[in-house]
Amino acid sequence: MNAIERFFSSEGFMPHGMCLMWRPEVFWLHAGSDALIGLAYFTIPVALYYFTKRRDDLAFPWIFYMFSLFIFACGTTHFFAIWVLWIPDYATEGIVKLITAIVSVGTAIAIWPLMPRALALPGPATLRDINQQLQGKIKQHQRSQAAVERLYEELQISNSTLDVIVQSSPFAIIGLDTSGRITAWNRSAEQMLGYSAAELTGQPMQPLLAGGDQAWRALSQQVERGETRGEVEIDAVAKDGRGVQARVVANPLHDATGALTGTLYFLEDITEKKAMQQQLTQAQRLQAVGQLTGGIAHDFNNLLAVIIGNLDLIQESPASEPKIQRLARQALEASTRGATLIEQLLVFSRRQSLEPEACDVAKLVAETMALMERSLGEHIEIEMSLADDLWPAFADPTQLSTAIANLAINARDAMPQGGRLKIETANRSLDSHYAATTIDVTPGEYVLISISDTGSGMPPEVINRIFEPFFTTKQHGKGSGLGLSMVYGFVKQSKGHVKIYSEVGHGTVVRLYLPRAAQADPLPPLREMPDHGSDIAGSVILLVEDNDHVRDVAKSHLVDLGCEVIETSNARDALDVIASGQPLDLVFTDVVMPGMSGVDLASEARKHRPDLKVLFTSGFAEPAMQTGYWPATCRDFISKPYRRQELSSKLRAVLNGGHAPR
């Protein structure tokens, strides 16, 4: 302790001011200078410390701390220099100077190894270059960022456009992942199957497929094998339970590496198209059968014309024995029934003779059902719902009544244990959409007659054949199979439409659509001509018939009626007779002949003789199927086979300008 006290003792020392002889100017020069230097030295470390703390990017901040400590120590020595001007505390001053020396030496030692690194630091020019490069890169980055933003906006627009295309596509678009779960579902898919995207996203597709998913699975496997496009037809089930037929095209989806990520399916609803194809096939089949039966009926009518004509001659011959008369009468009755059967075939083939007029359907239905009530039986409950404001229908009332009767009988036979037969009438407008989805239908206004029963119903395979002639589901001998064929032929020939709805165990509904009658002034009533009117004996008749046997029978009838007959086998020869100036009262001609038809013959004949009367005949009972001249009504036409009395009545009607009784 004594050594320390002695070390710090100031005995024997004089203040430093004495060395300056206490001269004030010198004394205060030293004191002021040291004070200013000390204050400056104390300020510099504070600034360096602040700088170091604020700049956290300095490469070696510790050297700044050491330099700050060195400057602080230097400042302390200057304040001790002021202190010793009055107090001779030179020992403490020496210790401060020692500390300052240590810090100074340490700082000097530390700063030299840092010199290469410090020299490697960029200078102002380098920093300016670097700054310019950075500015260029910043601008390039900004341009790149702007380009990325533009690409993002374009991508957004493209995605929006793609979404609009997908959502507005007429095809149902369905996306599946590799596990078979739904990832995409557009609006057309919603309309086709009734489910929303929210209901099915993430759900499997298989429950929507009807009758198994073999076709769908085969298509999926085709896509998985790497084939870029596949196509199948499937049956699906909509949300409301209805069946949907669709044509499906599949395309695989891949990621950037080429791995399969899913499949995109495009579905086209072909339900209506398939139904149209089925309707077209059925209509073509019925048309082919109709053409066949029409041709057969024509030939049979020619044969029956010969048979019935000769039987008439036998019956009316006074030389015939009673037994022959009886046999001829029986044969004539059988031939007449055959002619009725042929007429039914002609109804189906749409070649019957119709006399359409504006008819009161409600009244006709009521009258027909009043006549049918006893035939239907007490076990059948009849219900009628007839519209009060019903339009008149343009149809043959006799044939319409027959059609209603046929449908009522079929309904009765479908309800052997009894049931309800309901007949309804209404006004209906069939639009272009309905016509576009239904074969052989013209848009317009129709009178609807609906006949429904609660009977056994029919399966689809029966409905597809129900209008074919001779097709029947009844027991052998219970029906001819021509009832519905006649209804179909009559309605189609009347420019109408027939629709059948049936389900096994639930009954059948048959709907007849007949065209609405045009609003026009009614035709004046026809003046009926009695059979005993003006005698036709002595009339000159030009008979034109290509069938020799039919021509012979017709000639015999005309001769028996007292007519003078000129016969030809074709229209060309008949024109030669007309052009020759031969006096003629009437031309009796077949319609269908090789070369020139009877209609063309009449047209050419009237060029020479405008007032020449013409009576047509044909095994086809529909003259309107021919082109060329034809009267406004069918009054100047007689169907084969005909009886002599019918021919006589028709001839008198035409020769005398009236109309024969119907």
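The values are calculated or read from the model by the stated rules, or taken from the named source; none is laboratory data. Remember, it's a predicted structure, so these values are computed and weren't measured experimentally. Reconstructed Cβ throughout: ideal geometry from the backbone, glycine too, with neighbour counts over all protein chains shown. Just the protein is used for accessible areas: all its heavy atoms, side chains included, with ligands, DNA and RNA removed. Shrake-Rupley method; radii C 1.70, N 1.55, O 1.52, S 1.80 Å.
Residues whose amide H lies under 5 Å from that of residue 253, counting only those 5 or more places away or on a different chain, are 261, 262, 263, 264; hydrogens are built 1.01 Å from N in the peptide plane.
Annotation: per residue accessible area for the range 120-213 equals 68 Å², rounded to a whole number [probe 1.4 Å, protein chains only]. Computed from backbone phi with θ = phi - 60° and the Karplus coefficients 6.51, -1.76 and 1.60, the 3J(HN,Hα) list for the range 565-572 is 10, 10, 10, 9, 9, 8, 6, 5 Hz; x is used for glycine and proline. Taking amide H as placed 1.01 Å from N in the peptide plane, residue 175 has its amide H under 5 Å from the amide H of 183, 184, 185, 265, each at least 5 places away in sequence or on another chain. Between residue 46 and residue 108, the modelled labels are 2.9 nm apart [label points 7 Å from Cα along Cα→Cβ]. By the scheme Lys and Arg +1, Asp and Glu -1, what is the net charge of all other residues having a beta-carbon under 13 Å from that of residue 403? So the surrounding residues net to +1.
A simple spin-label model places pseudo-atoms 7 Å from Cα toward Cβ; at residue 645 and residue 247 they are separated by 6.2 nm. Net length available on complete extension from residue 256 to residue 608 is 118.0 nm, with 0.36 nm assigned per residue and the Cα-Cα distance removed.
Remark: for residue pairs 613/650; 613/640; 499/640; 53/137, the C-alpha separation exceeds 22 Å in 499/640; 53/137. Full extension of the chain segment joining residue 409 with residue 134 gains 89.0 nm, where the gain is 0.36 nm per residue of separation less the Cα-Cα distance.
Applying 1/(1 + (r/R0)^6) with R0 = 60 Å to the Cβ-Cβ distance of residue 214 and residue 373 gives a FRET efficiency near 0.65.
In sequence order, the range 22-32 has phi-based couplings of 6, 6, x, 5, 6, 4, 6, 5, 5, 5, x Hz under the Karplus curve 6.51 cos²θ - 1.76 cosθ + 1.60, θ = phi - 60°, and Gly or Pro positions carry x.
One decimal place: the segment residue 382-residue 427 gains 14.1 nm when fully extended, by the rule 0.36 nm per residue minus the C-alpha distance.
Carbon and sulfur atoms: what percent of the 1.4 Å accessible area of the range 38-130 do they account for? In the range 38-130, the share of accessible area belonging to carbon and sulfur is 77 percent. Between residue 588 and 542, 543, 544, 615, the built amide H atoms are under 5 Å apart, and every one of these is 5 or more places off in sequence or on another chain. Between residue 442 and residue 179, the simple label model (points 7 Å from Cα in the Cβ direction) yields a spacing of 6.0 nm. Phi angles across the range 508-513 convert, under the Karplus curve 6.51 cos²θ - 1.76 cosθ + 1.60 with θ = phi - 60°, into 3J(HN,Hα) values of 9, 10, 10, 10, 9, 10 Hz, Gly and Pro given as x. Looking at the range 58-113, the accessible area is 53 square angstrom per residue; that uses a 1.4 Å probe and ignores ligands, DNA and RNA.
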